[in-house]
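Encoded as structure tokens, the structure appears first; notes follow it.
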Amino acid sequence: MTITEPSPSAMPATPTATGAAVDEELVVTVDELADRAKFEALVGRLSAQSVTKHYDAYADIPWDDAGYEVDPDDRRWVLPAFDALGRTEWYLAQPPAVQSRIGLYRYAAAAKLGMEFENILVRGLLEYTFFTLDNDDPRFRYVYHEVAEETHHGMMFQEFVNRSGMKPKGLPWFLRYRTTRVVSLGHWFPELFFFFVLGGEDPIDHIQREMLRNNDDLPPIFELIMRHHVTEEARHLSFARHYLKLEVPKLSRPKRVVLSLITPIILGVMAQMMILPPKDIARRFSIPADVMREAYRDNEDMKRGTKESVRKVRKLARELGLINPLTKRIWLALGIYATD
Ligand SMILES: [Fe+2]
Ligand SMILES: [Fe+2]
């Protein structure tokens, strides 16, 4: 048994650029999870951590303190080098007030999308517990902890959006109505639902950790929001991954085939949504079409970043036997295949 942990009670942690620490996931292999007791022990530990280390969207963020304002003229909103738009000649030639507003809009739009994704996630988790779990199943308690945490993330992200003054629109209405289909997966196909969960959580977590690791000059409000978020997400990701390791091997053959075909489609769509800016950014800031193309569509770094953002979930899909010569083509076509 090789759970990677420094002590029985804590999650593994890594330092950020400012010297603060954020938690990492616990990892248990598929073989180890064949033993149900080990899975339940892991879920128990995640539940215990949810009690000792959790953040309130208002009590734990000093929204009104000096230094925590969301000021659109703050130079620290300027896009970092790893965002391809931030490296274009067009962006570099813009006045400082425009550069910082484009950066802030990008982050506010990402927070809005994060809030919407978490809304779908919470609704699906409640479907999952309501329809599939019996008395005494330790997953019930953990998933309710996760629901409570995600509601605080949603409040935290929406508060940030409101204070930014940027008014991002979020999902178009025709997609909003379709979210009920994803929510219902929590009931009739939870394995597919949890791949959807990882498709949203893994890319966001990847981007936020990169920013916390590489940038020691983020606006304090934004740094704190991301730090609180990734710390709790480490538990969510750990649960989703281990749930899949436990349940996917038990699926019937037809369901495994469906899962192997739909998973890369979900991941490909979700990774693009999480990594690219909303389309209306070009109209709002009069960004020329060729600049957008250069930054996002024809950019090799962006393509590499997209693949990298789903690396952990791709590894899991491979471990579970969901990538075969046929489904590999779907992964390739959607730009999310790699050998690692
Ligand atoms: Fe979250
Ligand atoms: Fe989460």
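The values are calculated or read from the model by the stated rules, or taken from the named source; none is laboratory data. Quick caveat, the model's predicted, so the values are computed rather than measured. Because the Cβ atoms are built from the backbone with ideal geometry, glycine has one as well, and the counts that use them run over all protein chains shown. Just the protein is used for accessible areas: all its heavy atoms, side chains included, with ligands, DNA and RNA removed. Shrake-Rupley method; radii C 1.70, N 1.55, O 1.52, S 1.80 Å.
Data for the structure
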| read-out | value |
| --- | --- |
| Condition check for V43: open to solvent by 50 Å² or more (accessible area, probe 1.4 Å), at pLDDT 90 or above, in a helix (DSSP H, G or I) and among the β-branched types (V, I, T) | no |
| Residue tally, condition acidic (D, E) and more than 16 Å from ligand 2 (Cβ to nearest atom), over region 147-182 | 1 |
| Positions within region 100-137 being in contact with a Ser or Thr (Cβ under 9 Å, 6 or more places away or on another chain), open to solvent by 10 Å² or more (accessible area, probe 1.4 Å) and away from ligand 1 (no atom under 12 Å from the Cβ), in sequence order | Y107, R123, E127, D137 |
| Residue within region 225-236 that is open to solvent by 20 Å² or more (accessible area, probe 1.4 Å), within 14 Å of ligand 2 (Cβ to nearest atom), part of a helix (DSSP H, G or I) and farther than 21 Å from F140 by Cβ present | no |
| Matching residues in region 128-146 - criterion: being over 21 Å from H54 (Cα atoms) and away from ligand 2 (no atom under 16 Å from the Cβ) | F130, F131, T132, L133, D134, N135, D136, D137 |
| Residues of region 274-287 that turn out to be open to solvent by 70 Å² or more (accessible area, probe 1.4 Å) and in contact (Cβ under 8 Å) with a residue 24 or more places away in the chain, as a count | 1 |
| Pairs where the first residue, in region 248-270, is surrounded by fewer than 19 Cβ atoms within 10 Å (Cβ to Cβ) and the second is of a type in the set (G, A, S) and part of a helix (DSSP H, G or I), C-beta under 6 Å, 6+ apart | none |
| Helices (runs of 4 or more DSSP H) contained in region 268-340 and holding at least 3 residues more than 30 Å from A93 (Cβ to Cβ) | 311-319, 325-333 |
